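The values are calculated or read from the model by the stated rules, or taken from the named source; none is laboratory data. Note that the structure is a prediction, hence the values are computed from the model and not measured. Cβ placement follows ideal geometry from the backbone for every residue including glycine, while neighbour counts extend to all protein chains displayed.
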Amino acid sequence: MSLPSNYDKFKKHLSSGGLFYAFLRGVKYPIFLLRRELERLYFKKEQSIVKGKFKIQYLPQRLSVFYDNQPVTEASGLSSAINSLGLWLDSSTGKWKLLKITKDSLKIKVSHKNFPISQIWFLKLDDQQSFSWRVDLKIKKPVHIDEICILSALNPRYKTWISNYEQENFPSFNAQWTDLYIGSKPAYLLGVRFPTAGAYLPAFAIEFNKGNLLPLVKNYSSPGESFHIIGFRHTEFKSIDKCPAGKSILFNCKAYIFNDERVLDEKIENLRSRSLQKAITEIKVSQPENKLE
């Protein structure tokens, strides 16, 4: 804007409202510009919740987990992906809004343009080694859903993945997406452990009690980055032509880091024992004892 134009406007404000009014009008627009710039910088700033050495960091389109400043997660960190009629919508490409932050909790809205589903994420640091993670699904109008995945992209230094009581080593990265495990039975525990040499990195696992989600494990690598993926698949919506409008809890879990891996081993053995007991019970039911005639 030219100087004559500004001068003419100042004279107009002066004649209509006096010197004080003209001054306020003169500084109003620069203040607006300054406030907009400060808001832009603020919302791009990292925001975190911390307990001891455990930290969850929020940035638009990314949630990262750290322990003692070492990244437990990589890339998009904690994320979700929705498949509707073959089209995948990843949370890392959606619109994120931080609804609320306290010293130990986050509330986030994730949505996609022209898609009738939004997610509300709740994360809370329960203590210095665990956090609660819940995802609510809000459907604005009926829509077909093939599958929803809740995912964690993890540090490539981890050598071993865990699904319930099964444990396997990750293979070498091969510069592409690689499906390592697509489970057909519900997962109650999914995690990683045994990092390669380097800075201390504790085992990490997600524990889920409901038993209606299927596990997946993947590798990803490119010339620029490498990471492991563990996640849960929600496929119950696929049998419905269109999911009705409404709100529901999609996912509710607790995630842990394990400074003492004996605690993780105990969880794994408990799952093994439960599975064995269930198998024995099913055998007894399918083969009743012969009655004496």
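Tell me, please, whether a residue that is within 17 Å of Ile230 (Cα to Cα) and either part of a strand (DSSP E or B) or at pLDDT below 95 (or both) can be found in the stretch 92-115.
Yes, there is a match, as at least one residue in the stretch 92-115 is within 17 Å of Ile230 (Cα to Cα) and either part of a strand (DSSP E or B) or at pLDDT below 95 (or both).
If we keep just the residues of the stretch 236-266 that are modelled with pLDDT of 95 or more and among the β-branched types (Val, Ile, Thr), which is farthest from Leu151 (Cα to Cα)?
Selected residue: Val263.
Which one of Pro223, Pro195 is touching a Phe, Trp or Tyr at 6+ places or on another chain (Cβ under 6 Å) and under 30 Å from Phe173 (Cβ atoms)?
Pro195
Kindly establish whether Phe131 is under 14 Å from the mean Cα position of the chain (by Cα) and not β-branched (Val, Ile, Thr).
So Phe131 fits the description; yes.
Just one of (1) assigned to a helix (DSSP H, G or I); (2) without any contact (Cβ under 8 Å) to a residue 60 or more places away in the chain; (3) not β-branched (Val, Ile, Thr) trips up Lys210, so point out which.
(1)
Could you go through the stretch 41-53 and let me know if any residue there is at pLDDT 95 or above, under 30 Å from Thr235 (Cα atoms) and surrounded by 13 or more Cβ atoms within 10 Å (Cβ to Cβ).
No, that holds for no residue.
Scan the stretch 122-151 and report the pairs whose first residue is within 27 Å of Lys238 (Cβ to Cβ) and whose second residue is in a strand (DSSP E or B) and among the aromatic types (Phe, Trp, Tyr), with Cβ atoms within less than 6 Å and a gap of 6+ or a chain change.
Arg134/Phe122; Val135/Trp121; Val135/Phe251; Ile150/Phe232; Ile150/Phe251
Given the criterion among the hydrophobic types (A, V, I, L, M, F, W, C), buried (at least 18 other Cβ atoms within 10 Å of the Cβ) and either touching a helix residue (DSSP H, G or I) at 6+ places or on another chain (Cβ under 9 Å) or under 22 Å from Pro116 (Cβ atoms) (or both), identify the matching residue among Leu85, Leu78, Leu59.
Result: Leu78 is the single residue among Leu85, Leu78, Leu59 that is among the hydrophobic types (A, V, I, L, M, F, W, C), buried (at least 18 other Cβ atoms within 10 Å of the Cβ) and either touching a helix residue (DSSP H, G or I) at 6+ places or on another chain (Cβ under 9 Å) or under 22 Å from Pro116 (Cβ atoms) (or both).
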